[in-house]
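All of the numbers you see were taken from the coordinates with simple rules; none came from a lab. Worth saying up front: this structure is predicted, and the values here are computed from it rather than measured. Backbone-built Cβ (ideal geometry, glycine too); neighbour counts: all protein chains shown.
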Amino acid sequence: MKRVFWICALVGALACSRGTAGETGPTGPQGPPGERGAQGTEGPAGAMGPNGDKGDKGDPGLTTVVAGAGLTGDGTQAAPLTLAALSSRPSSTGVYAPGPSPTGMLTRLRNSAVLAPGGSGAWDSTGVYGGTVVKVGNTYRMYYSGHNGSNWAGVGLATSTDGLNWNKHASNPIVPRGTGSAWDNTSVFGAWVVSDGSTWYLFYQGNNSIGLATSSDGISFTKNPSSPVLVPTSGWDLGSINATSVTYESGTFTMWYSAGDSTERIGRATSLDGTNWTRDAANPILSPGSGWESSQVGRPSVIRIGRMYYMFYGGYDGTSWRVGLATSWDGSSWTKLGSNPVWQIAPGTYMSMYIYPGGILIEGDRLWAWFSGHDGARYSVGAAAMDLQ
């Protein structure tokens, strides 16, 4: 069988077109275990091109390249947001199974926030900052950070049946700020959760380092005594490590994190147990560019779909944070989308000054994207989505 490749430009494309049939390419290797889908149908090989490949042996779960679009703050479409080679969706355990591909536009679902700060005196009274979102049974879980007016006070849990209307857990914060001389006694910020099928791992920033808490049910967490598990060094990540994004695949944890002193960049590290980490020799793997991201880049949110990784990341120009997109085949070498940023701030709204990426979830016929916005006084969480087929 021959694989059919559909080609979309990464810049400005809103629809895909089929390349001219070319010579049949050589038989390719069998697809990796665990990603088998329906048998592909016979078709001509695509022509060679700058973004193409010769046709090879079709394996289950044929990849399709589809383009979407980003949002401006007022809900109008901005620069195209391209999502390529989408043939799989993540499960709650981090194992990837065949699934649908997006065909529509990423659309903000509400003009108002879907998760707002608590009332006066609450542990999250002046800010909520979104992290991982997972679905367990019929319930969505959002792990988020709360600010009390003085510091980031811990990690909270909110639940929802529709991804838009959220109820905060009565026991919040489920991972509180440390007390006494604890290493995380000043602040606890960020909430990235993965599961290996039996244990839930929650990574967070405590003061200027990364800590770990674990749970058997994803609700009651115990801080790992080995924390902090990743600390600043004397190199490019001197000063602070924060805002992590973590995946768990084939027994390996991979963490993307923000770090730096005066200039924030993004690094990568891997671990077999969640406590002992090896930094990527290529660090920093993403650095500031020009224009909207000329000052800093950080706050990564990474998802692997099919064979490709997608990173939504924050870019800062000295005035505002916006969101860009980068893609990678190996999680280490990244290519930024030429039409970045894909998400914009919106004057006069809860995201009038800053907007940051948060949880990304593919479920059934929908790709969800939750993001955090800041209006100059407090943080809130919003939601967007893209229809799938």
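Assorted remarks:
- Ordered by the number of other Cβ atoms lying within 10 Å of each residue's own Cβ, fewest first, T278, T199 fall into the sequence T278, T199.
- Listed by Cβ neighbour count within 10 Å, with the fewest neighbours leading, W200, W183 appear as W183, W200.
- Computed over the stretch 108-387, the alpha-carbon pair-distance distribution with 5 angstrom bins reads 1, 6, 13, 18, 21, 19, 14, 6, 2, 0, each value a whole percent.
- Farthest positive-ward along the stretch 108-387 dipole, Cα basis, beta-carbon charges - from Y143, W256, G239: Y143
- Under-5 Å amide H pairs with L164, H placed in peptide plane, nonlocal only: none
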